[in-house]
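One structure below.
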Amino acid sequence: MVRLLFTALLSIASSAAVIEHYAGGGPEAPGADRKRIKFVEPFGIVFDKSGTAWVIEYKGNRLLAIATDGKTSLVLGPKDVHEPHGVVLSPDQQLYIADTHNNRVLRMDIQTRAVTVVAGTGEAGYSGDGGPATKATFKGIFAIDLAPRGDRLYIADLSNRRVRMVDLKSGTVTTIAGNGHKGIPADGAIAAESPLEDPRAVAADSKGNVYVLERQGNALRVVDAKGKIRTLIKPGDLQQDMKGPKHLCVDGKGNVIIADAENHLIRKYWPKTGKTENIAGTGVKGFDIDARNPLATQLNRPHGVWAGPQGWLYITDSYNHRILRMKP
């Protein structure tokens, strides 16, 4: 049954919503203030307990830190990562990096800066389920997420059309969704035995659900705690279909935030009601910021969203080479 899901219009934007420039868009090298640094397609951002922000760049091939005083610094560079797409932080303050075209996931201790591999051999392929994740092969790790307790790492293994999970206690990897074939999964089917179109991003909530965002499929699906898959948004469900969505996160209330990149929009999905609406962007690419109206603010292919501290939602406005933050 097609849901009548509609998007919020500019004219009904919440008067309480605000949006502002947080970092990037400047001309300067690392060492500069966060608003003066030059980013090259930022894709991911997280904050540690001290308030330091960690930013991963796709084309920049860098991991950067933004200290609480706004000063930026280079942490990892092109010799360490190859077109990384995502970054997440565990409760014990370990940073995980989706080192996309090195086909692996890295872990960095933010205190010592020591880096280790937790998944992937560096070779492209599909192998290793049931064994050590460090001996398994992946093909295009485009997004990662952690279970809220930090004990499971979820990997969007895009070119293999699978979502895989690493048990961080045992180090074992398994597939939780996707059988390697391209197709639309049937609602209620076993996720690991079902086809997927192209899982670009994953996000886990506190109830054991794992949300799967498909880029070319323009769909949002969910794998529940019992391993069954269901489609939540598909083409034809919205007044304006998603177009090449690239990333998602779960906010503090359990709602799903989606970076609908090719529509230049940020959208919110409410699991309790099945409602979806726009919360940022005009739908037309651009650069202008309206501080009092996120829906009048222009974005250019936003590739990442992250629910940060103090109620802020961070948006990696990738093709504007900057990061914005908003309070919905």
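Scanning region 169-178 for residues that are surrounded by fewer than 18 Cβ atoms within 10 Å (Cβ to Cβ) and either part of a loop (DSSP other than H, G, I, E, B) or of a type in the set (A, V, I, L, M) (or both) yields 169, 170, 171.
Evaluated against (1) assigned to a strand (DSSP E or B); (2) over 15 Å from residue 248 (Cα atoms), residue 203 falls short on exactly one condition, (2).
All told, residue 308 meets the bar of being touching a Lys or Arg at 6+ places or on another chain (Cβ under 8 Å) and open to solvent by 10 Å² or more (accessible area, probe 1.4 Å).
Residues in region 252-264 that are open to solvent by 30 Å² or more (accessible area, probe 1.4 Å) and among the charged types (D, E, K, R) were compared, and the one that is modelled with the lowest pLDDT is 253. Where strands (runs of 3 or more DSSP E) sit wholly within region 44-142, those with at least 1 residues that are closer than 28 Å to residue 320 by Cα and either open to solvent by 10 Å² or more (accessible area, probe 1.4 Å) or in contact (Cβ under 8 Å) with a residue 40 or more places away in the chain (or both) occupy 53-57, 63-66, 72-76, 86-89, 94-99, 104-109. When the residues of region 143-168 are filtered to those that are part of a loop (DSSP other than H, G, I, E, B) and among the aliphatic types (A, V, I, L, M), the one that is nearest to residue 99 (Cα to Cα) is 168. Here's a check for you: in region 268-317, which residue that is among the aromatic types (Phe, Trp, Tyr) and within 20 Å of residue 249 (Cβ to Cβ) is nearest to the chain's Cα centre (by Cα)? Of everything passing the filter in region 268-317, 306 is nearest to the chain's Cα centre (by Cα). Scanning region 179-190 for residues that are open to solvent by 50 Å² or more (accessible area, probe 1.4 Å) and either in a strand (DSSP E or B) or among the polar types (S, T, N, Q) (or both) gives 182, 190. Within region 206-233, which residues are part of a strand (DSSP E or B), in contact with a Lys or Arg (Cβ under 7 Å, 6 or more places away or on another chain), open to solvent by 10 Å² or more (accessible area, probe 1.4 Å) and basic (Lys, Arg)? Listed by number, the list holds a single entry, 230.
The values are calculated or read from the model by the stated rules, or taken from the named source; none is laboratory data. Only a predicted model underlies this, so the values are computations on that prediction, with no experimental measurement involved. Ideal geometry is used to build each Cβ from the backbone, glycine not excepted, and the neighbour counts take in all protein chains shown. Ligands, DNA and RNA are excluded from the accessible area calculation, which covers all protein heavy atoms including side chains. Shrake-Rupley method; radii C 1.70, N 1.55, O 1.52, S 1.80 Å.
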